[in-house]
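**Student:** Dumping the structure here so I can ask a few things about it.
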Amino acid sequence: MAEWFSNDEFWARFEDYMFTPARLEAARAEVDRFLALFDVQPPAAILDLGCGPGRHTLEFARRRFKVTGVDRTRRYLDKARAVADAEGLAIELVESDMRSFVLPDSFDAAINFFTAFGYFDDPTDDLKAMRNLHTSLKSGGRLLIDVAGKEIIAARYQPRGFERRGDTIVLEERRVFDGWKRLESKWTMIRGTERYESSVILRLYSGAELESLLLQAGFAQVELYGRLSGAPYDQNAERLIAVARK
Ligand SMILES: C[S@@+](CC[C@H](N)C(=O)[O-])C[C@H]1O[C@@H](n2cnc3c(N)ncnc32)[C@H](O)[C@@H]1O
């Protein structure tokens with residue numbers, strides 16, 4: 001069966017749901033917080049893996065970093081390119097699957113924001129993607145990965161969700177399966193008489209599981225946070241954020 005994330009129609013239909021104006025705008029503050037955590041200076045080389053429409057790629061370029069955005073979805077890379085051209089920003093964009101993208105010893109820092117990880121059926125593919133990131137970082141380089149942690153999902157689990165954005169309604173029906181290893185969210189979009197349904201399947205990582213995956217991928221040191229502010233990964237966490245050093 002085809003992997004859910006290889007469905008271009010999914011990324012097109014749900015683009016406005018995922019990348020609202022507020023979320024696009026939030027990238028500026030997220031990059032501020034990232035820079036406070038990482039202390040890297042331009043023109044350091046940054047890899048934005050699973051960059052989507054380039055929210056962070058573009059923001060790093062505006063701040064004169066040398067930035068490479070990698071994503072499997074052509075449509076999003078085209079959007080990022082259009083903004084970069086309009087603003088006269090130099091960015092590199094690569095259409096690639098994270099299981100195959102690797103550029104040895106090339107980046108001072110790498111980011112993987114907004115749950116752009118945990119999509120593969122086979123957990124060894126997750127390890128492969130993390131090994132590629134490790135290889136692509138320079139010695140001493142660091143990775144930031146931001147996902148929905150298993151502890152957070154468990155504490156706030158709701159079988160159903162509902163959002164209205166303008167004339168569009170999106171319903172989410174969720175189920176945990178595979179012994180809490182994975183979560184399926186069935187997204188149904190309804191707009192007038194139009195209806196589109198697709199499932200998002202995520203491998204859920206606890207803090208400890210993400211830390212061991214990163215160590216297994218070769219990273220020397222891993223720290224966990226619950227917010228980009230650097231707050232601990234604890235009962236108040238909003239996100240699971242791992243920072244790993246090569
Ligand atoms: C939820 S979006 C996050 C985008 C971006 N990081 C952000 O913060 O706006 C997930 C992204 O991962 C990309 N993606 C999904 N599977 C991928 C894969 N196997 N390799 C590379 N990119 C992938 C999708 O195309 C999508 O742009």
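**Student:** Only residues that are of a type in the set (D, E, K, R) and either within 24 Å of Gly141 (Cβ to Cβ) or at pLDDT below 95 (or both): list them for the range 19-55, please.
**Tutor:** The initial filter retains those residues of the range 19-55 that are of a type in the set (D, E, K, R), namely 23, 25, 28, 30, 32-33, 39, 48, 55.
If the condition is that a residue be of a type in the set (D, E, K, R) and either within 24 Å of Gly141 (Cβ to Cβ) or at pLDDT below 95 (or both), then Arg28, Glu30, Asp32, Arg33, Asp39, Asp48, Arg55 are the ones that fit.
**Student:** Can I ask one more? Are any of the residues in the range 62-81 within 24 Å of Gly230 (Cβ to Cβ), touching a Leu at 6+ places or on another chain (Cβ under 9 Å) and part of a helix (DSSP H, G or I)?
**Tutor:** yes
**Student:** Here is a further query. How many of the residues making up the range 168-198 are among the small types (Gly, Ala, Ser), assigned to a strand (DSSP E or B) and farther than 23 Å from Ile152 by Cα?
**Tutor:** 1
**Student:** Oh, and also: Would a scan of the range 131-141 turn up a residue that is at pLDDT 95 or above, away from the ligand (no atom under 16 Å from the Cβ) and exposed (fewer than 14 other Cβ atoms within 10 Å of the Cβ)?
**Tutor:** Checked against the condition, which is being at pLDDT 95 or above, away from the ligand (no atom under 16 Å from the Cβ) and exposed (fewer than 14 other Cβ atoms within 10 Å of the Cβ), the range 131-141 yields at least one hit.
Okay, residues lined up against (1) under 18 Å from Gly88 (Cα atoms); (2) within 13 Å of the ligand (Cβ to nearest atom); (3) not assigned by TED's automatic domain parsing to the domain that holds Asp126:
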site: Phe10; (1), (2), (3): no, yes, no
site: Glu15; (1), (2), (3): no, yes, no
site: Met18; (1), (2), (3): no, yes, no
site: Ala22; (1), (2), (3): no, yes, no
site: Ile46; (1), (2), (3): no, yes, no
site: Gly52; (1), (2), (3): no, yes, no
site: Phe60; (1), (2), (3): yes, yes, no
site: Arg63; (1), (2), (3): yes, no, no
site: Lys66; (1), (2), (3): yes, no, no
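**Student:** Given the conditions (1) polar (S, T, N, Q); (2) more than 30 Å from Pro232 (Cβ to Cβ); (3) away from the ligand (no atom under 12 Å from the Cβ), which single one is not true for Ser6?
**Tutor:** Every condition holds for Ser6 apart from (3).
**Student:** OK, next. Contact list please: Cβ distance under 8 Å, first residue in the range 84-106 and at positive phi, second residue assigned to a helix (DSSP H, G or I) and away from the ligand (no atom under 15 Å from the Cβ), pairs at least six apart or on different chains.
**Tutor:** Asp105/Thr135
**Student:** Can you list residue pairs whose Cβ atoms sit under 8 Å apart, with the first residue in the range 31-52 being in a helix (DSSP H, G or I) and the second being surrounded by 22 or more Cβ atoms within 10 Å (Cβ to Cβ) and β-branched (Val, Ile, Thr)? Count only pairs 6 or more apart in sequence or on different chains.
**Tutor:** From residues that are in a helix (DSSP H, G or I), the pairs are Phe34/Ile111.
The values are calculated or read from the model by the stated rules, or taken from the named source; none is laboratory data. Quantities reported herein were computed from a predicted structural model and do not represent experimental measurements. In this analysis, Cβ positions are derived from the backbone assuming ideal geometry, glycine residues included, and neighbour counts consider all displayed protein chains.
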